[in-house]
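What follows is a single structure, written as structure tokens, with notes after it.
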Amino acid sequence: MSAFAVDLPVVWFTLRVAALAVLLLAPFGLALALLLARRRFPGKALLETLVSLPLVLPPVATGLLLLKFLGRRGPGGRAAQALFGMDVVFTWKAVVVAMMVMSLPLLVRTARVAFEEVNPRLEAVARTLGASEARVLSTVTLPLASRGIAAGLLLAFARALGEFGATILVAGNIPGRTTTIATAIYNDVQTGLDGRAYGLLAVSAALAFGAIFLSEVWLKRRTNA
Amino acid sequence: MTLSLEGLRLPLTPFALELDATLSAHVTAVFGPSGAGKTSLLEAVAGLRHPERGRIVLSGRVLDDAARGVRVPPRQRAVGYVTQDDSLFPHLSVAGNLRYGAGRGLAERPALAEDRVVDVLGLSLLLDRRPSTLSGGERRRVALGRALLSAPEILLLDEPLSGLDRVLKDRVLEHLLKVKAAFPLPILYVTHEAAEVVALADEVVILESGRVAALGPPGEIFQGVAHVSSA
């Protein structure tokens, strides 16, 4: 058995791509959560189902879909090639995309509940006081939903940190390029580097514990205390 | 100021609100049992609900015209709407609440001075407090001040004394009388308490199941209505 060690470059890489994934996901995910919380429209149930699908679909299956979509011959892959001249699959960008897709349901579901808890009456009164829709959103809706939004972002981040199944299909497991904490643990165990695997296990347990604990605290504290 | 409700029809359950009335008193009370459509009428004037038929015209300004598809959005109506639950913003201080709609300052109607509103409503010691630390009466006064400071052309008050105990009721009523005396702003005042109508209103509309049962000065109306006390 190898000595206990923490593979810091892998930890650092994982933290960076997970943070980027959540940052890129946030505007889209929050808009989606607001849409689902506040509007009725045809096809809403279908959209809700699609959003939650990554929660229950085998992550590897989601990864396969992403691989087909983002590959050289897939529509996403072609678009990335045409617009930015870049490949996505088997690069760190694919890690980001896999993390975004897998974290989406957690962010949308948590933020949606937070938006639903904002009394629509307060938004209506803000409008009668002369506020535009943008001002209602930035001064009433978002501040009142802020704890739930923060909790949702944190949960999404925690989910992204642990992403394995989709990542390994669409980004591979290329040491120094696409290997994350989760895929590194797999590598280390496969190659008998147990000490390194335990080091990453300790780090991911600490990160996950911190994220869940903080999000629980945020969700339970009332905004208007 | 004149508020004209012309052939207005608002579908509610289980009936429809159907009104044809011109209101031009300083304080007009809308009086009736709960479920008569009083709050829906305020919401229609505030633009939070839209009539299926008819027009709402405030001092010559068409706010709603169902036939022509006119629907002025709430933020452009210049109405100071105080809801029954006061709807204070819980994350803002009293001062933050008061100033939320201030500065809208429609060109033709300069905003009221904050000092004066704070003074008339006795809010000067509350400015830094959070709504959750206020009493029921204080909350009503803050909501009233917030509506006043948004430079409205009409105040819409939905049962501003409901849910308060007798002492607080009297205190808020005193402040309402002060507001009436200090600002020439027309007020549409929804209530189901005859005593409030008599104390405050110059004219009263009696609503029953969505229709105007009577309209006139409170003194005359209440003499002719036998079942006032049961409302």
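The values are calculated or read from the model by the stated rules, or taken from the named source; none is laboratory data. Here the structure is a predicted model, which means the values were calculated and not measured. All Cβ positions, glycine included, derive from the backbone under ideal geometry; neighbour counts span all protein chains shown.
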Unmet requirement for residue A:163, which otherwise passes all of (1) within 14 Å of chain B (Cβ to nearest Cβ); (2) of a type in the set (D, E, K, R); (3) touching a residue at least 24 places away in the same chain (Cβ under 8 Å); (4) more than 12 Å from residue A:111 (Cβ to Cβ): (1)
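Please pick out the residue among B:92, B:63, B:126 that is within 14 Å of another protein chain (Cβ to nearest Cβ), of a type in the set (A, V, I, L, M, F, W, C), more than 26 Å from residue B:26 (Cα to Cα) and free of Cβ contacts under 8 Å to residues at least 40 places away in the same chain.
Being within 14 Å of another protein chain (Cβ to nearest Cβ), of a type in the set (A, V, I, L, M, F, W, C), more than 26 Å from residue B:26 (Cα to Cα) and free of Cβ contacts under 8 Å to residues at least 40 places away in the same chain holds for just one of B:92, B:63, B:126, which is B:92.
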Per-region count, region B:10-28, residues modelled with pLDDT under 95 and either in contact with a strand residue (DSSP E or B) (Cβ under 6 Å, 6 or more places away or on another chain) or assigned to a strand (DSSP E or B) (or both): 11
Filtered residues of region A:162-193 (kept if among the small types (Gly, Ala, Ser) and not in a helix (DSSP H, G or I)): A:162, A:171, A:172, A:176, A:192
So residue A:168, is it of a type outside the set (Gly, Ala, Ser), out of contact with any Leu (no Cβ under 9 Å at 6 or more places or on another chain) and crowded, with 20+ Cβ neighbours inside 10 Å: yes
Where a residue in region A:99-117 is more than 12 Å from residue A:154 (Cα to Cα) and its partner, wherever it lies, is of a type in the set (Lys, Arg) and part of a helix (DSSP H, G or I), with Cβ under 9 Å and at least six apart: A:99/A:159; A:102/A:159; A:105/A:159; A:114/A:147; A:115/A:38; A:116/A:38
Residues of region A:112-161 classified as closer than 20 Å to residue A:26 by Cβ and assigned to a helix (DSSP H, G or I), total: 33
Check on residue B:46, among the small types (Gly, Ala, Ser), surrounded by 15 or more Cβ atoms within 10 Å (Cβ to Cβ) and in contact with a Ser or Thr (Cβ under 8 Å, 6 or more places away or on another chain): yes
Pairs, first closer than 15 Å to residue B:201 by Cα in region B:216-231, second assigned to a helix (DSSP H, G or I) and at pLDDT below 50, C-beta under 9 Å, six or more apart: B:221/B:228; B:222/B:228
Any pair with Cβ under 9 angstrom, 6 or more apart, that starts in region A:1-15 at a residue that is loosely packed, with under 12 Cβ neighbours inside 10 Å and ends at one that is among the small types (Gly, Ala, Ser) and not in a loop (DSSP other than H, G, I, E, B): A:1/A:195; A:3/A:195
Residue within region A:88-105 that is more than 13 Å from the chain's Cα centre (by Cα) and among the hydroxyl-bearing types (Ser, Thr, Tyr) present: yes
